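Single-structure report; data block below.
Read-outs: derived from the displayed coordinates by stated rules, not from any lab. Worth saying up front: this structure is predicted, and the values here are computed from it rather than measured. Positions of Cβ are backbone-derived with ideal geometry, glycine not excepted, and every protein chain shown enters the neighbour counts.
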Amino acid sequence: MLSFLPVLLLNAFLACVCASSDYHERLLLRPLPQSTLLASFNFRSNESSTAIEQQNFRYFPRSFAQILEHAHTKELHLRFSVGRWDAESWGQRPWYGAREGGTGVELWAWIEAQNEEEAFSRWLTLVNSLSGLFCASLNFIDATKTVRPVMSFDPEGDHTNSSNLHLLHGNLPHEVVCTENLTPFLKLLPCKGKAGISSLLDGHKLFDASFQTMAVDVRPVCDSNDGGCSLQMEQSVDMVLDIARSKRPRDNPIPRALPIGEIECDTSKPYDAEDTCYPLDKKVEPAWKLTELFGRPLKGACPLTEEMGDEGESLCINTPPEREIQVNTTGQYSEARTALDTLRCYKLPVGADFDLVLPEQKMTTGLVRAQPQLFAARSVNGHGQERGSVQAVIRNPSKDAVEFVYLESLPWFMKPYLHTLRAHVDSLTENPVKETYYRPAVDRQRGTHLELRMIIPAASTLILTYDFEKAILRYTEYPPDANRGFDAPPAVIRILSPYLSTDKKGIYLRTTPLLLPLPTPDFSMPYNVIILTSTVMALGFGNIFNLLVRRFVGMDEVSALGAGGIKGILAAKLGRLKALLGKA
Amino acid sequence: MALISSLLALRRDARILKLPPYLSALLIIVGVAWLLVLPLNEYSRNTYVSENALLPGQVHTYFTGSEHNVFRAYRQEVAALPDLSIEERNNKLADLFRESDLKVAKQKYTYQVADTNISNENVYAVLQGPRADATEAIVLIAAWKNMADEVNYSGVALVLALARYFKRWSLWSKDIIFLIPGDSTSGPQAWVDAYHDGHDPRTIESLAIKSGALQGAVAVDYPAGPWGHRYDKLHIVYDGVNGQLPNLDLFNTAVSIASGQMGIGCTLQRMWKHSDTYEERLQTMLRGMLAQGLGHATGPHSSFIPYHVDAITLVTVGDGWHDEMSLGRTVESLFRSLNNLLEHLHQSFFFYLLLQANRFVSIGTYLPSAMLIAANFSIMAIALWVQSGRPAPPPNPTATKLVKKPLKKLKFDGRHYVEVPDEPKNEKEPSDSDKKEDPTENTTDTTPPVTAVSNNGSTALVPTASLQVTERALLLPLLFTLSTHFLGLLPLYAFNLTPAAELRPIFIVTANILTLLPLLTAWLLRFSFAPTPQQTTLIQSFSLLLLGMFLSALATLNFSLSFMVGVLCAPLSFVRERKGMVASGVWYAVLVLLNPVMVCQVACWVAGVGVEEVLLKASEGWAVWGLWTQVVVWGVWFPAWFAGSVVVALGFFPE
């Protein structure tokens, strides 16, 4: 039996798209295998376009709207991610990967402009403004890190004049996402983390998660009936918490060995003894409660949320119906069960703490998780300083052929040889690549942009490889940690068919970034050379300077000059005095 | 100008050719003596951790308490495995990893070495760093069997227990790969080759799961059985294949953690007792040089080093009071240090000789030793080249044969001798018309032909022979030297690609051939090409020139191998074609004893290992690890030895 119906859930989520100003938030909790828990936070605020024109902001953050207006940005998607989604254990990605970004920071936006140059200058304005707003190094997204994807992204919003829209996409794979990015993120929310589900977002727990991604999506939404448009901003946070790790108190986060009495030993083993213990997997769902997992209590509902209908239910948990859940609150709340009781939603009390308590429980029904359509892994092969190759392994476990777009945007110093590009499927003799879009790199000007539309047959594995050459950088182009290597951004895979998502979001997955070791000079050597040459220069210069400015006089001339120094001055004064006295 | 002209005058001085043999001998003596002073405090340094990020031993370790109970259980589990087939064993190990929620994969590999198959299977698990992005990884290895072919019970159990323990930490910034190769040398090689896609997919399976760039690898070798064994010291093995070494920082971190934090003594190069005396330091260094020079794999870590992955093996030795948990905590602390790394290990030395666990000699200090020895060959090569350009020595003045005296008149213009224009040019013309003829010349009939040279109005008589330009006949020496270098390919092929059973016969046959081949070649050479003494000299000159070049280049890559080959080739600088049978016989005997096969035989006898075993290992090295010690032996040492021997053997067949 299906205990988990993500499609239904997601559709229910976006059922109502209203043109008026409103604000919704929802937290979906979903236990995953291996004692992990997926927490998907979603915050959605609408502001009608007329209100925005009048500079009247209620739910939509003013700072953000002004940046968008200034940069002529019509639609924007910003992602901050840490860690990786373990698709093999956890199954399908939250939001089908549409609210997920590659490791680091990823940004793409549709910008209104007359031509490409104008679009790019507005793009620079946008990234620089966002950089300040989110305390991230977004300003480092320059021409070398920007691509213009042609197949991988479609606008989600309703754009009336789409001919002037330019899509630009930038990536910062090495950006470390941390609390300084969370704080501005929370500030954009109407309740600012003080109430509602956002009160659970604590930097310590969020960034200790096994996987976390923060997303900001802005798009115009138009009602087809009355033609009224509004600007919608969706903020989401998806995190996978390791329950055991998150339950550790903050003042004692060290995973010390448990006392032997607390470990369940397998007594059936012949060697089982007082000092020998084969740890037994209890195979039970672990106990947890919200306060424990998130390190802080859920401070009731955000008073700004609509209280009508299921939109007002801002906390949902997706578990098998048999899972015991206790609610711990002093306020008033209501519970609703949908989707064959696998989804329990709670309407939170306003002004009172709310907590869910799940006891340890032995389950009879397992967690059913939806299988992802594709699995992707990418790695660098080869070794040495000169060249290497990239191998992407894309596996299709399903019974249908899957068509997808593979987007690779590589830094300029990683120069792929397109003639070595091979896409190979074991069960297929024909080339799985149907369409290629390639824009080669220009040194120090722009990076490589490679987009491939491919079809992978049912139950097969596609191996994509290409060779590349490593450029030699100028010594000022190396970062301070030059010997770490250089990051190449993750590849973006968009699934085109046969799975069509019901909305315009699309189905995505991303690979992990690559670490590219480039030939690195010994940076202490220039230092040594500078020291040595400086010494030589100083010696040479000193001698020559000395020879040039020193006045050489013969021995016989010295006495004529008289003694130097104080004695000389005194003697001269004395002589003059004597002369004066003699005259007198 | 005066200095230059006096130097130029010295150029033709007969004494100048007397000097190089002494200079060469001096260089060899200084080179060897240089090595002997290295263990002194003045020439070596205390080790230090150069990479700030490592912070060795700065963290508390928590691998204690109930982890010990779990470890014992895993050790019991592992103890039940050796009787199972490889497949069943690895399935069980994979299950144990899976219980710790790790991603597990297996890799089958087959190598063909000397017509026998080495085939086994690796099993490995990947702990994905909770906040890591799969760009970097560190490896923890416990080979199923150690270098002594004992089952690594406690080592494997320790890796399993540590995998379970590491999984609980959230601080890993890199992925951790737990690797249990089927054996100690070919398994890690197959795995690391496949990790970098440098494998042959027909015989070695590709890896199903990969992670990021490998930053370091640590192997544990603890073969204590299910009831444990308390050890005394940690033996840190650091030699990589082909004498490449891991970054000294990794070694220092291990020593610092083991001895500083855990109180476990560290030892290296099988020096179980080391009281830091000069002799023991020297012995450690020489053992290290021997291991480096031979270039064989010394543990599961060795295969990683050629891929620029710094790696060491920790081997427990002796009977003491340290238990498995202190080894586990050492590994934990080491991994915490490696986890701190922001960049690939690059700060410290990659070229060093270790004298004891915390004393080393850096490349700048030891390199001159091998370079001086290599330089001695180059000097001799130049000396022989100069000598080959000299005319044959003038006949003995006491000879009774009357020599007709051609006389030329030359003028020294400051640079060259030019014939005075008013003199007749023809050399053969009798010089009795010359008015400036030396009066003494007519009185002695036995003097060699002389030429009167006038310079700035003064005139001197010079033997004509020393004014003639001697042409060098280069073709024969060049062809001979080149062909001897190609000749080396034959034994290289024979030793690396023959079946194991035939290695011994081939060795004996080669030993016999190598003893007789120079004689045969000399005989053939003498009676088919009749080389002049000049050509013989040139053969030796070219051969020494190449030897000097190869050895000085090699010294920068593998110091020890260059040094060893240099010392063994040292007599080649001094051998000449001798006139007498006895002298030739003595020299030839010396050279036969120093041929590569004989040296190998003697070395095996001294070390107490079978020749076949060594040959088999060398063959394995060639097929599996990519060892190029053989190439140096047959491509550098053998041609030089052969050329020298042929030159000596020519003395047996006088013209």
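Please give the calculated 222 nm ellipticity per residue for the protein assembly as shown, where each DSSP H segment of at least 4 residues contributes -39500 (n - 2.57) and the sum is spread over every residue; nearest 500 deg cm²/dmol?
Calculated from helices alone, the mean residue ellipticity at 222 nm is -10000 deg cm²/dmol.
As an exercise, identify the GluC sites (Glu not before Pro) in segment A:368-432 lying in DSSP coil whose Cβ has no more than 15 other Cβ atoms within 10 Å.
Counting only loop positions with at most 15 other Cβ atoms within 10 Å, the GluC sites (Glu not before Pro) in segment A:368-432 are A:Glu386, A:Glu430.
Peptide A:268-279: average number of partner chain Cβ atoms within 10 Å per residue?
5
Taking each pair of distinct Cα atoms in segment A:315-433 once, what is the resulting Kirkwood hydrodynamic radius in Å?
Radius from the Kirkwood sum: 20.1 Å.
Please report, in debye to the nearest 20, how large the charge dipole of segment A:375-516 is about its Cα centre when each Lys and Arg carries +1 at its beta carbon and each Asp and Glu carries -1 there.
240
Roughly how many debye, to the nearest 20, is the charge dipole of segment B:491-618 about its Cα centre, given +1 on each Lys and Arg Cβ, -1 on each Asp and Glu Cβ, and no other charges?
Around 380 debye, computed over segment B:491-618.
Stokes-Einstein diffusion coefficient for segment B:598-649 at 4 °C in a medium of 1.567 mPa s, Rh from the Kirkwood formula over Cα pairs: what value in µm²/s?
105
Between helix B:19-37 and chain B, what is the angle of the helix's C-alpha long axis to the longest principal axis, kept within 0 to 90° and rounded to the nearest 10?
The helix B:19-37 is inclined about 20 degrees to chain B.
In square nanometres, what is the average projected area of the Cα convex hull of segment B:184-227?
4.5
Just for the Cα atoms in the protein assembly as shown, what are the lengths along the principal axes, largest first, rounded to whole Å?
Largest to smallest, the principal-axis extents are 139, 114, 76 Å.
Give A:Lys415/A:Lys505; A:Lys205/A:Lys289; A:Lys269/B:Lys145; A:Lys470/B:Lys174; B:Lys174/B:Lys233; A:Lys470/B:Lys103 a once-over and call out the pairs whose C-alpha atoms are over 20 Å from each other.
Violating the 20 Å limit, Cα to Cα: A:Lys415/A:Lys505; A:Lys269/B:Lys145; A:Lys470/B:Lys174; B:Lys174/B:Lys233; A:Lys470/B:Lys103.
Please work out the ratio of the alpha-carbon Rg of chain B to 2.2 N^0.38 Å and round it to two decimals.
Compared with the compact-globule rule of thumb, chain B sits at 1.26.
What residue among B:Leu81, B:Gly243, B:Thr298 has its Cα farthest toward the positive end of the dipole of segment B:52-357, where the charges are +1 on Lys, Arg and -1 on Asp, Glu, each on the Cβ?
Looking along the dipole axis, the top candidate is B:Leu81.
Taking amide H atoms as placed 1.01 Å from N in the peptide plane, list the residues 5 or more away in sequence, or in a different chain, whose amide H sits under 5 Å from that of B:Asn120.
B:Tyr109
Just for the Cα atoms in segment A:375-516, what are the lengths along the principal axes, largest first, rounded to whole Å?
51, 34, 24
Evaluate the charge dipole of the protein assembly as shown about its Cα centre and quote only its size in Debye, nearest 20, assuming +1 on the Cβ of each Lys and Arg and -1 on the Cβ of each Asp and Glu.
The dipole of the protein assembly as shown has a size of about 4200 debye.
Looking only at segment B:65-189, where both bridge partners belong to it, what percent of the DSSP beta bridges are antiparallel (to the nearest 5)?
Given both bridge residues lie in segment B:65-189, the antiparallel proportion sits at roughly 75 percent.
Go through A:Val357, B:Thr316, B:Ala132 and say which Cα lies farthest out towards the positive end of the charge dipole of the protein assembly as shown; charges sit on Cβ, +1 for Lys and Arg, -1 for Asp and Glu.
Most positive-ward Cα: B:Thr316.
Please identify the DSSP H helices in chain A that span no less than 15 Å along the helix axis (Cα) and have a mean Kyte-Doolittle hydropathy of 0.5 or more.
Span-like helices, by this rule, are A:524-549, A:565-583.
Write down, largest first, the equivalent ellipsoid semi-axes of segment B:505-569 in whole Å, where each equals the square root of 5 times an eigenvalue of the alpha-carbon gyration tensor.
Taking √(5λ) for each Cα gyration eigenvalue gives 27, 20, 7 Å.
Averaged across the residues of A:407-419, what count of C-beta atoms belonging to other chains lies within 10 Å of each residue's C-beta?
Rounded to a whole number, the mean comes out at 0.
Roughly speaking, what is the centre-to-centre gap between segment B:569-613 and segment A:55-121 when only Cα atoms are used, to the nearest Å?
That distance is 76 Å.
Using a basic spin-label model with each label point 7 Å from the Cα along Cα→Cβ, how many nm lie between A:Asn252 and A:Glu117?
Distance between the two pseudo-spin positions: 6.7 nm.
Classify segment B:52-357 from the C-alpha gyration tensor, please: rounded if a/c falls under 1.5, else prolate or oblate depending on whether a/b exceeds b/c.
Verdict is rounded for segment B:52-357.
Two decimals is fine: what's Rg over Rh for segment B:533-655, C-alpha atoms, Kirkwood radius as Rh?
1.02
Roughly what angle does helix B:638-649 make with the longest principal axis of chain B, taking Cα atoms, 0 to 90 degrees, to the nearest 10?
With both axes taken from Cα atoms, the answer is about 30 degrees.
How do A:71-78, B:344-351, A:467-474 rank on mean C-beta neighbours within 10 Å, highest first?
So the peptides A:71-78, B:344-351, A:467-474, ranked by packing, come out A:71-78, B:344-351, A:467-474.
For segment A:37-110, just the Cα set please: Rg and Dmax, both in angstrom.
According to the Cα coordinates of segment A:37-110, Rg and Dmax are 15.8, 49 Å.
Please list the radius of gyration and Dmax for chain A, considering alpha-carbon atoms only, with Å as the unit.
In order Rg, Dmax, the Cα atoms of chain A give 33.1, 130 Å.
Considering the dipole of the protein assembly as shown built from charges on the beta carbon (Lys and Arg +1, Asp and Glu -1) around the Cα centre, which of A:Gln54, B:Leu561, B:Ile379 is farthest to its positive end?
So the residue we want is B:Ile379.
Taking segment A:334-439, which trypsin sites (Lys or Arg not before Pro) meet the DSSP loop condition and have no more than 12 other C-beta atoms within 10 Å?
A:Lys362, A:Lys399
Does anyone have the angle between helix B:86-99 and the longest principal axis of chain B? Alpha-carbon axes, 0 to 90°, nearest 10?
Approximately 60 degrees, to the nearest ten.
Given points 7 Å out from each Cα along the Cα-Cβ axis, report the A:Ser268 to B:Val386 separation in nanometres with one decimal.
That separation, rounded to one decimal, is 8.8 nm.
Is there a simple number for the mean count of other chain Cβ atoms within 10 Å of the Cβ of residues in A:371-377, and what is it?
Across A:371-377, the average partner-chain Cβ count within 10 Å equals 1.
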